[in-house]
Amino acid sequence: QKEVEQDPGPLSVPEGAIVSLNCTYSNSAFQYFMWYRQYSRKGPELLMYTYSSGNKEDGRFTAQVDKSSKYISLFIRDSQPSDSATYLCAMQTRLGGSNYKLTFGKGTLLTVNP
Amino acid sequence: DTGVSQDPRHKITKRGQNVTFRCDPISEHNRLYWYRQTLGQGPEFLTYFQNEAQLEKSRLLSDRFSAERPKGSFSTLEIQRTEQGDSAMYLCASSLGQSQPQHFGDGTRLSIL
């Protein structure tokens, strides 16, 4: 079992739809949870960064973390064609001392159709 | 804040050649990371620097790979005797410090002929 599981999709929705993206994980040592957006031939762009269980909202984006179920979600409201990209969940663990690495899911390819 | 800069954006080389990539982190960030991303996969951690010290190396980083960060500023990643399996996007990220999010550059895409 991989440490982070993410459905690769692809996911296709009409403009204005609510999008739900999800990841599960197995490593209880993960302490920080992120969502990145990656456009084709570009690097990952940080969207959301959370630590505690619960919800965090930023504009049209809401990140949800449930540590007891080892499950995180990203909701996109009023989706736009410009949201079409690959969405990567990432988790941060403490390797030793103050060192960190990110463990990513495979990414979900989202297309928002006008 | 000009973001993380990587150079070149795309490198095409023949199998067996050596290649070197450069990463310039966000200026005040003292932590720098290298990742590798293949098609359809998320980035995988390669190595990590705090200032000039290389503190962590993944087992993905074979002895053909070497990374440096002289003076704690820019970093270079060198691959010697490239192989077909080295074809990937090499991503650099930096962060301000402990528990701070990592910000990525746009990567160097390596293609091995």
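The values are calculated or read from the model by the stated rules, or taken from the named source; none is laboratory data. Here the structure is a predicted model, which means the values were calculated and not measured. Glycine gets a Cβ as well: all are built from the backbone with ideal geometry, and neighbour counts include every protein chain shown.
Observations, loosely collected:
- Here the condition is being closer than 22 Å to B:Pro70 by Cα, assigned to a strand (DSSP E or B) and more than 13 Å from chain A (Cβ to nearest Cβ); of B:Arg22, B:Arg36, it holds for B:Arg22 alone.
- Where a residue in the range A:42-59 is outside any strand (DSSP E or B) and its partner, wherever it lies, is surrounded by 13 or more Cβ atoms within 10 Å (Cβ to Cβ) and among the β-branched types (Val, Ile, Thr), with Cβ under 9 Å and at least six apart: A:Gly43/B:Val4; A:Pro44/A:Thr86; A:Tyr51/A:Val65; A:Ser52/A:Val65; A:Ser53/A:Val65
- Residue list for the range A:11-34, filter: within 11 Å of another protein chain (Cβ to nearest Cβ) and either under 18 Å from A:Thr86 (Cβ atoms) or under 11 Å from the mean Cα position of the chain (by Cα) (or both): A:Cys23, A:Phe33, A:Met34
- Some residue of the range B:40-52 being touching a residue at least 12 places away in the same chain (Cβ under 8 Å), loosely packed, with under 15 Cβ neighbours inside 10 Å and of a type in the set (Asp, Glu): yes
- Among the residues of this structure, B:Lys71 counts as one that is surrounded by fewer than 16 Cβ atoms within 10 Å (Cβ to Cβ) and either more than 10 Å from chain A (Cβ to nearest Cβ) or touching a residue at least 60 places away in the same chain (Cβ under 8 Å) (or both).
- Residue satisfying all of: in the range B:47-67; part of a strand (DSSP E or B) and of a type in the set (Gly, Ala, Ser); modelled with the lowest pLDDT among these: B:Ala53
- The conditions of being touching a Pro at 6+ places or on another chain (Cβ under 9 Å) and under 15 Å from B:Ala93 (Cα atoms) are not met by B:Ser27.
- Scan of the range A:75-114 for residues that are of a type in the set (Phe, Trp, Tyr) and either at pLDDT below 95 or loosely packed, with under 15 Cβ neighbours inside 10 Å (or both), ordered by number: A:Tyr100
- The range B:100-113, subset within 10 Å of chain A (Cβ to nearest Cβ) and outside any strand (DSSP E or B), residue surrounded by the fewest Cβ atoms within 10 Å (Cβ to Cβ): B:Gln100
- Selection of the range A:56-74 for residues being loosely packed, with under 12 Cβ neighbours inside 10 Å and not acidic (Asp, Glu) yields A:Gly59, A:Ser68, A:Ser69.
- Flag for B:Gly97 being within 12 Å of another protein chain (Cβ to nearest Cβ), under 18 Å from B:Leu32 (Cα atoms) and surrounded by fewer than 22 Cβ atoms within 10 Å (Cβ to Cβ): yes
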